[in-house]
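Asker: Dropping the structure in here first, questions after.
The values are calculated or read from the model by the stated rules, or taken from the named source; none is laboratory data. Because the structure is predicted, anything quoted here is derived from the model rather than measured. Counting neighbours? That spans all protein chains shown, and the Cβs are built from the backbone with ideal geometry, glycine included.
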Amino acid sequence: MTKRIKIIFTLSVLLNILLAGVVAGHFIQKDRYHRPPMELDQQTREKMKASFEKSREEMREFFQEMRKQRDALDEIISAPEFDRAAYDTAVSDILESKGEIVRKKAVMMGGMLSDMSVEERRKMAPFIVRGLTSDRSKPPHKRGQERGGRNPEK
């Protein structure tokens with residue numbers, strides 16, 4: 001093989017290794033934030049899973065409505081002439097829908113918590129409180145919070 005082909009082959013192998021590392025890192029990072037955050041007994045996990053699946057089905061129409069509202073807001077913002085009243089109405093509608101979804105999730109969690117032991121509720125408490133009170137638009141490591149605890153800077 002010529003020197004040029006050896007260099008191209010070596011670069012190709014190195015790029016493939018780099019790409020494999022990036023893909024593996026993405027899945028490891030993604031899995032880290034979707035893993036169950038605490039140890040609960042099997043029966044509780046099964047109840048939670050069933051409750052989440054039922055809730056997801058019930059909330060599907062809310063999510064579809066929010067998509068329509070988001071599209072409407074996008075059209076208002078992108079229009080040649082900006083209509084401030086329409087913008088304010090669209091934003092208000094989106095925030096109301098978002099609040100309704102959060103309320104429904106809180107009610108669902110309240111139902112699950114009423115069936116849990118005190119130890120399980122204590123394990124769940126930091127995650128539920130953080131879920132209701134923190135900025136959920138950023139992953140935990142970007143919010144300065146430790147996993148399962150409070151913000152150490154406060």
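Asker: Considering only residues that are surrounded by 11 or more Cβ atoms within 10 Å (Cβ to Cβ) and free of Cβ contacts under 8 Å to residues at least 12 places away in the same chain, look in the range 76-91 and name the one that is nearest to F63 (Cα to Cα).
Answerer: Among them, the one singled out is T89.
Asker: Do you know which of the residues in the range 105-150 that are in a loop (DSSP other than H, G, I, E, B) and among the small types (G, A, S) is modelled with the highest pLDDT? Please lay out each step first, then the result.
Answerer: Start the filter on the range 105-150 by keeping residues that are in a loop (DSSP other than H, G, I, E, B), which leaves 115-117, 134-139, 144-150.
Next, only the ones that are among the small types (G, A, S) stay: 117, 134, 137, 144, 148-149.
On the way: S117: 83, S134: 68, S137: 55, G144: 51, G148: 48, G149: 47.
Checking each candidate, the answer is S117.
Asker: Confirm whether F63 is of a type in the set (F, W, Y) and either surrounded by 13 or more Cβ atoms within 10 Å (Cβ to Cβ) or within 21 Å of T133 (Cα to Cα) (or both).
Answerer: Values: of a type in the set (F, W, Y): yes; either surrounded by 13 or more Cβ atoms within 10 Å (Cβ to Cβ) or within 21 Å of T133 (Cα to Cα) (or both): yes.
Criteria met by F63.
Asker: Looking only at the range 18-36, decide whether some residue is assigned to a loop (DSSP other than H, G, I, E, B), modelled with pLDDT under 90 and either under 25 Å from the mean Cα position of the chain (by Cα) or exposed (fewer than 12 other Cβ atoms within 10 Å of the Cβ) (or both). I'd like the intermediate steps shown before the answer.
Answerer: First, pick out the residues of the range 18-36 that are assigned to a loop (DSSP other than H, G, I, E, B): 35-36.
From the residues that got through so far, the ones that are modelled with pLDDT under 90 too are 35-36.
If we keep only those that are either under 25 Å from the mean Cα position of the chain (by Cα) or exposed (fewer than 12 other Cβ atoms within 10 Å of the Cβ) (or both) as well, we get 35-36.
Checked against the condition, which is being assigned to a loop (DSSP other than H, G, I, E, B), modelled with pLDDT under 90 and either under 25 Å from the mean Cα position of the chain (by Cα) or exposed (fewer than 12 other Cβ atoms within 10 Å of the Cβ) (or both), the range 18-36 yields at least one hit.
Asker: Which one of V91, V102 is modelled with pLDDT under 85 and β-branched (V, I, T)? So that I can check it myself, show each step before the final result.
Answerer: Numbers: V91 fails: modelled with pLDDT under 85.
Sole residue among the options that is modelled with pLDDT under 85 and β-branched (V, I, T): V102.
Asker: Of all the residues that make up the range 75-116, how many are touching an Asp or Glu at 6+ places or on another chain (Cβ under 9 Å) and of a type in the set (K, R)?
Answerer: Of the residues in the range 75-116, 1 are touching an Asp or Glu at 6+ places or on another chain (Cβ under 9 Å) and of a type in the set (K, R).
Asker: Just a yes or no: is a residue in the range 55-70 touching a helix residue (DSSP H, G or I) at 6+ places or on another chain (Cβ under 6 Å), without any contact (Cβ under 8 Å) to a residue 24 or more places away in the chain, part of a helix (DSSP H, G or I) and not basic (K, R)?
Answerer: no
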